[in-house]
């Protein structure tokens with residue numbers, strides 16, 4: 001059964017904050033009809049960052065394989081053919097990148113929240129993200145440039161990959177008391193079966 005209260009985790013990364021895009025990013029999710037139920041600014045530690053990315057124990061292999069595949073699709077040679085090695089490189093650069101300044105951690109709620117947020121955010125690599133997505137509209141970075149510079153790709157934002165990942169990430173970054181249950185007037189337009197009470 002579809003939940004109208006599905007939640008997902010989003011983080012505006014240090015480059016998003018430095019480029020003054022916090023409000024624009026929040027606006028994109030609000031415009032889609034999602035509800036912000038938790039928000040805070042933190043400077044994460046290396047331990048928090050590693051715990052965050054390794055909520056999925058296969059993170060290194062998955063991200064390494066995705067990066068290698070992206071190189072090959074563009075007719076370029078990846079730095080390595082080993083997904084685990086490439087994934088470890090990505091994790092190491094992410095620690096440096098994510099700890100370089102504050103991030104804005106957010107919890108968003110709504111029907112299909114994980115899927116909708118991923119669609120609005122766009123693909124991990126800005127270079128290949130669709131125009132109309134956050135990454136496609138505001139970033140020009142690529143895996144190739146990031147690897148050449150020995151750094152993480154600067155893509156403004158993190159969004160949970162699936163429902164299970166979202167639950168773990170929300171639990172990692174927020175206590176229960178930091179998440180607020182409340183109702184928005186617009187939820188009647190989004191979710192109520194009958195639009196009663198509109199006409200006087």
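How would you rank 52, 158, going from fewest to most other Cβ atoms within 10 Å of each one's own Cβ?
Placing the least packed residue first, the sequence is 158, 52.
If you line up the long axis of helix 22-32 against the longest principal axis of the chain, both from Cα atoms, how many degrees apart are they, to the nearest 10?
50 degrees
So how far apart, in nm, are the two label points at residue 100 and residue 185 if each is 7 Å from Cα heading toward Cβ?
Computed distance between label sites residue 100 and residue 185 equals 4.2 nm.
Compute the length gained on full extension between residue 42 and residue 76: take 0.36 nm times their separation in residues and subtract their Cα-Cα distance, giving the result in nm to one decimal. Kindly include the intermediate steps, with their values, before the conclusion.
Values: separation 34, 0.36 × 34 = 12.24 nm, distance 3.70 nm.
Value of the extension gain: 8.5 nm.
Region 136-196 to region 55-109: how many Å between their Cα centroids?
Cα centroid of region 136-196 versus Cα centroid of region 55-109: 17 Å apart.
Kindly put 22, 116 in sequence by how many other C-beta atoms sit within 10 Å of each C-beta, fewest to most.
The most exposed by this proxy come first: 22, 116.
For residue 151 and residue 200, what does the FRET efficiency come to when R0 = 45 Å and r is the distance between their Cβ atoms, rounded to the nearest 0.05?
0.15
If one takes the longest principal axis of the Cα atoms in the chain, at what angle in degrees, from 0 to 90 and to the nearest 10, does the Cα axis of helix 59-73 lie?
Rounded to the nearest ten degrees, it is 70.
Ranked by Cβ crowding within 10 angstrom, fewest neighbours first, how are 3, 129, 175, 160 ordered?
By the 10 Å Cβ count, ascending: 175, 3, 129, 160.
What angle, in degrees between 0 and 90 and rounded to the nearest 10, separates the Cα long axis of helix 163-173 from the longest principal axis of the Cα atoms of the chain?
Approximately 90 degrees, to the nearest ten.
FYI, it's all coordinate maths here, none of it is from the lab. Note that the coordinates shown come from a computational prediction; the quantities given were computed from them, not determined experimentally. Every residue, glycine among them, receives a Cβ derived from its backbone with ideal geometry; neighbour counts consider all protein chains shown.
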